[in-house]
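Taking it in order: structure first as structure tokens, then the write-up.
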Amino acid sequence: MATTQSVAAGMISPMPRELTERGEDRKSQLLAHAATLFETRGYADTRVTDIAAAAGVAKGLLYWYFPSKEGLLAELIDDVQSRLRHLQGDALEGIDDALERIYVGTFVTVRFVAEQFHLYGVLAAAAAGQTDAPLARSIARHATDTTAVLEEGQRQGVVRTNESAELLAYSISALVNELVRFRELGLVTGSIDSLAGLAARSAVHVVAADAAAATRGLVAWGAAPPVSPGPAVASEPP
């Protein structure tokens, strides 16, 4: 079951539409072509006809799946968020300790955001100023997932309680996004995995109730080499 959304004057009205497996595949292909064009040309300079041409379909078919270019953008943002959540879910399966979940979840998120960095930038620029901001909803949804883990950690006594779980969740999000951005700017170097390890360790230390809890949360995963400042290249993780 797929749901298309009608976007007009900042209002979103859900219009349920059932798609066959082939229809779902075609929709995914259209989103992929849109993502590529948004990255290479920019959102503003990409027309619906450009996306249809790249996919080899008529413009009318694209409008059958998406009511507008803005609606396509909203679904593309949701698609990116959904792919990240699936990666996180697979990686976190079988892990119950809250701090271990923060470590693994942060690691996976950094890798994904780094690989999709330019697309995230395009989506953020395209969504700027929209009355109904799909990117803001996506960020809030991710923070809600992280908040739930942190609240469980607070109940377990391993996550600090002098800050709200929600605020800590947004702090982790800021840590992830800024470290990836700094790597793209060349301010930190090293592999994506070494950066992910740094972010994951830092996130655990930021939210842990104390140093002992942080150590227990990290011991199962070991320590990755640090990301180095400046031009030197950090070594690959073992």
I'm told Ala58 meets every condition in (1) without any contact (Cβ under 8 Å) to a residue 12 or more places away in the chain; (2) in the same structural domain as Ser191 (by TED's automatic domain parsing) except one. Can you identify the failing condition by its number?
(2)
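Looking at segment 54-70, can you tell me whether even one residue there is in a helix (DSSP H, G or I) and within 20 Å of the chain's Cα centre (by Cα)? Break it down stepwise before answering.
Kept after step one, since they are in a helix (DSSP H, G or I), are these residues of segment 54-70: 54-55, 59-65, 69-70.
Remaining after also requiring within 20 Å of the chain's Cα centre (by Cα): 70.
Looking for residues that are in a helix (DSSP H, G or I) and within 20 Å of the chain's Cα centre (by Cα), one finds at least one in segment 54-70, hence yes.
Which count do you get for residues in segment 79-100 that are of a type in the set (Asp, Glu), in a helix (DSSP H, G or I) and over 16 Å from Gln156 (Cβ atoms)? Let's see the steps before the verdict.
Here is the first cut: in segment 79-100, the ones of a type in the set (Asp, Glu) are 79, 90, 93, 96-97, 100.
In the following step, the residues that additionally are in a helix (DSSP H, G or I) were identified as 79, 90, 100.
Among the residues that remain, those that are also over 16 Å from Gln156 (Cβ atoms) are: 79, 90.
Of the residues in that region, 2 qualify.
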Write out, first by first residue and then by second, each pair whose Cβ atoms fall under 9 Å of each other, whose residues are 6+ apart or on separate chains, and whose first residue, in segment 154-173, is assigned by TED's automatic domain parsing to the domain that holds Ile102 and of a type in the set (D, E, K, R) while the second is surrounded by 16 or more Cβ atoms within 10 Å (Cβ to Cβ) and part of a loop (DSSP other than H, G, I, E, B).
Arg160/Ala209
Among the numbered criteria (1) assigned by TED's automatic domain parsing to the domain that holds Leu150; (2) modelled with pLDDT under 90; (3) under 20 Å from Ile102 (Cβ atoms), which one does His205 miss?
(2)
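The values are calculated or read from the model by the stated rules, or taken from the named source; none is laboratory data. These numbers come from a predicted model, not from an experiment. Cβ sites come from the backbone with ideal geometry, for glycine too, and all protein chains shown count toward neighbours.
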